[in-house]
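The values are calculated or read from the model by the stated rules, or taken from the named source; none is laboratory data. Everything quoted here is computed from the prediction, not taken from an experiment. Cβ placement follows ideal geometry from the backbone for every residue including glycine, while neighbour counts extend to all protein chains displayed. The area values use the complete protein model at the heavy-atom level, side chains included, leaving out ligands, DNA and RNA. Shrake-Rupley method; radii C 1.70, N 1.55, O 1.52, S 1.80 Å.
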Amino acid sequence: MSQVPHHCSMMSGSHAYVTLCEPLAQLKREHGPLREQMDAFAQLAAQIGMDQAKTDWSRQLAELKEKVDAFVRELDPHSEREEGALFPLMANYIGRQVGPIAVMEYEHELAKRNLKTFKEAMEHVKEPVDAERAKEIASYALQAHAVLTDHFTKEEHVLFPMAENMLSAEEKDELSRALRS
């Protein structure tokens with residue numbers, strides 16, 4: 001894999017672009033495939049329940065569940081790397097109870113809660129599923145998509161550049177080792 005430097009947009013109040021170290025660039029790169037999966041399930045979720053004449057949406061919901069499950073299998077390890085490696089290093093400087101880390105952890109939790117509620121609703125589906133119930137179930141996937149779309153943007157434009165400027169070379173090496181294990 002080529003080692004192309006990854007640039008973030010300008011940080012507020014600054015005119016310098018921030019080139020991310022490899023472990024931060026890796027976390028940022030992971031967002032691309034996650035976004036693709038997330039956008040694909042959101043596109044499907046948005047269509048569910050739209051045709052009021054359709055009397056059973058169970059097949060489309062099952063397809064949505066497959067897409068969401070595949071996404072979660074990729075999201076969980078990414079979130080664990082952030083929560084277990086990056087966030088604790090940054091918390092040494094900016095704390096964890098309030099501020100950016102608290103927001104990021106809250107958004108992780110909110111997205112996971114919506115995805116879990118979707119999964120639980122799917123476990124209790126009784127066929128046929130009418131348009132109203134199908135839309136309600138799909139809405140949890142759409143809410144997770146909305147939270148994570150905004151969340152990824154905040155990480156890419158604020159959190160990762162902040163970490164790049166804040167963490168020492170030793171901490172970046174520690175982060176690199178943590179991401180490999």
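Tabulated data
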{"item": "Qualifying trypsin sites (Lys or Arg not before Pro) in region 95-181, DSSP loop, other Cβ atoms within 10 Å at most 14", "result": "K126"}
{"item": "Accessible area (Å², 1.4 Å probe, nearest 10) - V125", "result": "40 Å²"}
{"item": "Distant-in-sequence amide H partners of V125 (H built 1.01 Å from N, under 5 Å)", "result": "none"}
{"item": "Theoretical gain in end-to-end length, E127 to M166 [0.36 nm per residue, Cα-Cα removed]", "result": "8.7 nm"}
{"item": "Neighbourhood net charge (12 Å Cβ-Cβ; Lys/Arg +1, Asp/Glu -1) for L142", "result": "-1"}
{"item": "FRET efficiency for S181 and K54, using Cβ-Cβ distance with R0 set to 41 Å, rounded to 0.05", "result": "0.30"}
{"item": "Set K112/K172; K67/K172; K54/K154 screened for pairs whose C-alpha atoms are more than 30 Å apart", "result": "K67/K172; K54/K154"}
{"item": "Pairwise centroid distance, computed over Cα atoms, of region 126-175 with region 50-118, Å", "result": "6 Å"}
{"item": "Contour excess over end-to-end distance, with Cα ends at E136 and T19 and 0.36 nm allotted per residue", "result": "37.9 nm"}
{"item": "Distance between modelled label sites at A46 and D69, nm, 7 Å Cα→Cβ extension", "result": "2.5 nm"}
{"item": "Table column - 3J(HN,Hα) (Hz), region 119-132, Karplus curve with 6.51, -1.76, 1.60, x for Gly and Pro", "result": "4, 5, 4, 5, 5, 9, 5, 10, 6, x, 9, 6, 4, 4"}
